[in-house]
Each structure stands twice: as structure tokens, then as C-alpha cells.
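Student: First, the structure itself, so that you have it in front of you.
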Amino acid sequence: MAELFKDIGVCKKQNHQLVNGGQELQGKLTAIYFSAHWCPPCRAFTPILKEFYDKVKESGEAFEIVFVSFDRSEEDLKNYLAESHGDWLYIPFGSNNINVLVKKYSVSGVPELIVVKSNGDIITREGRADVQVVQSTKDVIAKWRSMSQ
């Protein structure tokens, strides 16, 4: 993941500190979460994704999510983060990298969870479906890792 995000600044949810995405994602399986607070399906899915993320992190897996916001203001973004998001990374509001990622992955609607290789190649666009029907977080992570080979 370091390759795709090497020149992209990402923020940590806890303190909104800007960090180097390439360094932060080094060696981690990464999912990019396109979402917005104004979107009812997003608001329904985000808590499910948070629960999945928390379980994966508790298991010690090298996994991270990067949130790409479609929110209309920085205040909306920060409220959405505070209300329902996990302790994952996000692209700062207004960053040109939001448009770069939206175009790169041809995102036309939200929510969308795309799991990617370190070079940015898509492992699956079905991350949302995988998380929603999950029986075991380990099985989902193993599936994504096997697809990345």
C-alpha cells in the first residue's frame, strides 16, 4: 500500500494529525472506504465496518482502512468521523487526492469499499458485501490476502 499512498497525506482520526500515507500503510492490507454522512446507506454500513475493523485490529492483522469523504464540508466530515467511524485513517477534506482516488477507481456512488494491493491494483470492489455477510473476520481477511497473490 505504501506505493499508492507514498505521496498522499492522510490523517489519523484520534488527533487529526497529518501523516505520510506510504509510511503509515507500509506492509498492511488496505481498504479504501468512499462514503459520506449525507448518504443513508453509508450511515447504515459505517457502524458495521467499524465493528469489522475493530475485530480485525484486535486479532493483530496488518490491516488498515483509508476513508475518502464525499461530505460537503469539513465540519460534516469531522462529525461523521466522531459519530460512527473506526480509528482508521482519512484523506483531509478538500485534498486533491480525493478526486485522484475517485477517478482512479471510477467511483460513481457511495458507499464503496475497495480493497487494494500496495501498488493500488484492485483486489476486490466487493469489500462492502464481504464485510456485511461476514461469518469470520479472519476468513474475510484470508480471502482478500489470497486474492492479492
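The values are calculated or read from the model by the stated rules, or taken from the named source; none is laboratory data. As the structure is a computational prediction, the values presented were derived from the model and not from experiment. Don't worry about glycine lacking a Cβ; one is built from the backbone with ideal geometry, like all the others, and counts go over all protein chains shown.
Student: Looking only at the range 118-135, which residues are farther than 15 Å from residue 34 by Cβ and either over 14 Å from the mean Cα position of the chain (by Cα) or not polar (S, T, N, Q) (or both)?
Tutor: The answer is 119, 121, 123, 130, 132, 133, 134, 135.
Student: Out of the helices (runs of 4 or more DSSP H) lying entirely within the range 1-102, which hold 3 or more residues that are at pLDDT 95 or above and either on the phi > 0 side of the Ramachandran plot or touching a helix residue (DSSP H, G or I) at 6+ places or on another chain (Cβ under 8 Å) (or both)?
Tutor: Once the helices (runs of 4 or more DSSP H) in the range 1-102 are filtered for at least 3 residues that are at pLDDT 95 or above and either on the phi > 0 side of the Ramachandran plot or touching a helix residue (DSSP H, G or I) at 6+ places or on another chain (Cβ under 8 Å) (or both), what remains is 40-58.
Student: Consider the range 103-115. How many of its residues are part of a helix (DSSP H, G or I) and either in contact (Cβ under 8 Å) with a residue 12 or more places away in the chain or in contact with a Pro (Cβ under 8 Å, 6 or more places away or on another chain) (or both)?
Tutor: 1
Student: Mind listing whichever residues of the range 111-123 are at pLDDT 95 or above and buried (at least 18 other Cβ atoms within 10 Å of the Cβ)?
Tutor: If the condition is that a residue be at pLDDT 95 or above and buried (at least 18 other Cβ atoms within 10 Å of the Cβ), then 111, 112, 113, 114, 115, 116, 123 are the ones that fit.
Student: While we're here: On the given criteria, is residue 25 in contact with an Asp or Glu (Cβ under 7 Å, 6 or more places away or on another chain) and either within 17 Å of residue 118 (Cα to Cα) or of a type in the set (A, V, I, L, M) (or both)?
Tutor: yes
Student: Being buried (at least 16 other Cβ atoms within 10 Å of the Cβ) and within 16 Å of residue 93 (Cα to Cα) is the filter here, so list the residues in the range 33-72 that pass it. Lay out the reasoning, then the answer.
Tutor: In the first step, residues of the range 33-72 are kept if they are buried (at least 16 other Cβ atoms within 10 Å of the Cβ); the result is 33-37, 39, 42-43, 45-46, 49-50, 52-53, 55-57, 61, 63-71.
Answer for the range 33-72, where residues must be buried (at least 16 other Cβ atoms within 10 Å of the Cβ) and within 16 Å of residue 93 (Cα to Cα): 33, 34, 35, 36, 37, 66, 67, 68, 69, 70, 71.
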